[in-house]
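Read through the structure below, which is laid out as structure tokens, and then see the notes.
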Amino acid sequence: MGAQLRVYRRRIRSVQATKKITKAMELIASSRIIKAQGRLNASMPYLTQLLDAISAAASHATDVSKHPLTSAAHSQVRAAVLVVTADRGLAGAYSSNAIKEAEGLTRTLNDKGLEVVPYVVGRKGVGFYKFRGRAMGGEYIGFSDQPTYDDARRIGADLLQRFLEPTESGGVDEIHVVYTQFKNMAQQESRVRRILPLEVVDEVVDTSNEDTTPFPLYEFEPGPEAVLDALLPRYVDHAVYNALLMSAASEHAARRRAMKSATDNAEELIRTLTRQANQARQAEITQEISEIVGGADALSSA
Amino acid sequence: MAELTVAVVSAERAIWEGPAKSVVAKTPEGEIGILPGHEPVLALLVEAPLKIESPDGTKTLVAVHGGFFSVDSNRVNVIAEAAEMAADIDVERAKAALDRATKAGAEDAAEAGAAKRAETRLNVAMGPNR
């Protein structure tokens, strides 16, 4: 076998092996999208109930807008940005899109005169900030593809603590989340959402509106204010959880798409290489024939 | 007789749903029993087993870790941050966690919380007749 042919065959084998891997990753990502979507849907009843309860409590509590979690600080000095990225690569532009969005937000906030403290989920994002030597308020790695509520609660607790700290001692006045919204299998979009100060209460507190169904006359235990105090932080946790779940689903979708195109490219490459290998083989045979014919010719004419 | 419709959901998923004769939950103010026809209540929950008695008299225990519940027109929604049915609890692990937490001492707030959680789990896993 000629050297050229051998090289072609070796490359075909190597590309075939790569194709098998990318194909497997594609299939794994597809099955995980469904699971991630399932988790997202499973977390929805909690959110609905929580929102109802917050609305009910808010409509009874005295002046919700004065609650520390809903009122904007007088001085706007610092803002925290939670960026959700992936732990692993091979997901196309997923992480870099989220980071790009976060950078855009950071610029906007800087223009408004706010100092930005990044909180980063996922190794890719942490790597980005570390490489540039930028300080992070917090880094969370190891769960970006399958976030649990405990992870979200940990992040939520950190953010809340930072928010409730007075601005003078390093607390933040606003908290934004940059996550990737899962629209459908083919479309994911980086989004920014402000989670603190809370806006949710403003829209639901108006119970005088006759179109809305009135809340049952709940008796609150221990009291409407205490209930609200306990529920608002839960809402923040859930907002973080929701962002993590959405991003996880998007991560899998991005990875599936990236792996699908890698598999397609490998197939294309194998096709071209096979053609070239065939050509090399044919050339080799032609050469051998002409050598034999040439040899026989030389013998008979001698 | 009217029945209660009970739904227990945690932040991650729906845990349990079904009819019930009574529900007993623990709030910061003390235990509260809900029977059909109870007035609307929205109360916080503390770390404790939630007792649900179904119409045929069987009792179900759910370990709830924080959250709240609401009662309105015979519908009870229990919204827990985390909740586990007896079948989902690893007794050995809960025991180990309880040992570890009690040894670490009660002065540490985090350890005390862990001990309470483990105790709740054990209470639920051992069943209502203990």
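The values are calculated or read from the model by the stated rules, or taken from the named source; none is laboratory data. Computed from a predicted structure; not experimentally measured. Using ideal geometry, Cβ is built from the backbone for each residue, glycine included, and neighbour counts are taken over all protein chains shown.
For segment B:1-90, the strands (runs of 3 or more DSSP E) that sit wholly inside it and include 2 or more residues that are facing chain A (nearest Cβ under 9 Å), within 23 Å of A:Ser55 (Cβ to Cβ) and touching a residue at least 60 places away in the same chain (Cβ under 8 Å) are B:4-10, B:75-85. When you scan segment A:45-64, do you find a residue that is more than 14 Å from every other protein chain (Cβ to nearest Cβ), in contact with a helix residue (DSSP H, G or I) (Cβ under 6 Å, 6 or more places away or on another chain) and at pLDDT 90 or above, even just one? The answer is no, given that none of the residues of segment A:45-64 is more than 14 Å from every other protein chain (Cβ to nearest Cβ), in contact with a helix residue (DSSP H, G or I) (Cβ under 6 Å, 6 or more places away or on another chain) and at pLDDT 90 or above. Candidates in segment A:15-29 are the residues that are over 23 Å from the mean Cα position of the chain (by Cα) and surrounded by 13 or more Cβ atoms within 10 Å (Cβ to Cβ); of these, the one that is nearest to A:Ala253 (Cα to Cα) is A:Lys19. If you go through segment A:119-134 and pick out every residue that is outside any helix (DSSP H, G or I) and crowded, with 24+ Cβ neighbours inside 10 Å, you end up with 4. The condition (being loosely packed, with under 15 Cβ neighbours inside 10 Å, over 14 Å from the mean Cα position of the chain (by Cα) and of a type in the set (Gly, Ala, Ser)) is satisfied by just one residue among A:Gly156, A:Gly104, A:Gly138, A:Gly89: A:Gly104.
Scanning segment A:224-241 for residues that are more than 15 Å from A:Leu47 (Cβ to Cβ) and buried (at least 22 other Cβ atoms within 10 Å of the Cβ) gives A:Val227, A:Leu228.
Take the conditions away from chain B (no Cβ under 14 Å), more than 14 Å from A:Tyr94 (Cα to Cα) and either touching a helix residue (DSSP H, G or I) at 6+ places or on another chain (Cβ under 7 Å) or at pLDDT below 80 (or both) and apply them to A:Asp206. Does it pass? It is true that A:Asp206 is away from chain B (no Cβ under 14 Å), more than 14 Å from A:Tyr94 (Cα to Cα) and either touching a helix residue (DSSP H, G or I) at 6+ places or on another chain (Cβ under 7 Å) or at pLDDT below 80 (or both). Close contacts from segment A:83-98, counting a first residue that is more than 23 Å from A:Val116 (Cα to Cα) and a second that is of a type in the set (Val, Ile, Thr), with Cβ to Cβ under 9 Å and a gap of 6+ residues or different chains, come to A:Leu90/A:Thr22.
Could you tell me whether any residue of segment A:43-66 is out of contact with any Gly (no Cβ under 7 Å at 6 or more places or on another chain), of a type outside the set (Ser, Thr, Tyr) and not in a helix (DSSP H, G or I)? Yes, the conditions are met somewhere in segment A:43-66. Looking only at residues of segment A:9-44 that are aliphatic (A, V, I, L, M) and within 11 Å of chain B (Cβ to nearest Cβ), we find that the one that is farthest from A:Lys260 (Cα to Cα) is A:Met44.
Filtering segment A:161-199 to residues that are charged (D, E, K, R), touching a Gly at 6+ places or on another chain (Cβ under 9 Å) and crowded, with 19+ Cβ neighbours inside 10 Å leaves only A:Arg162.
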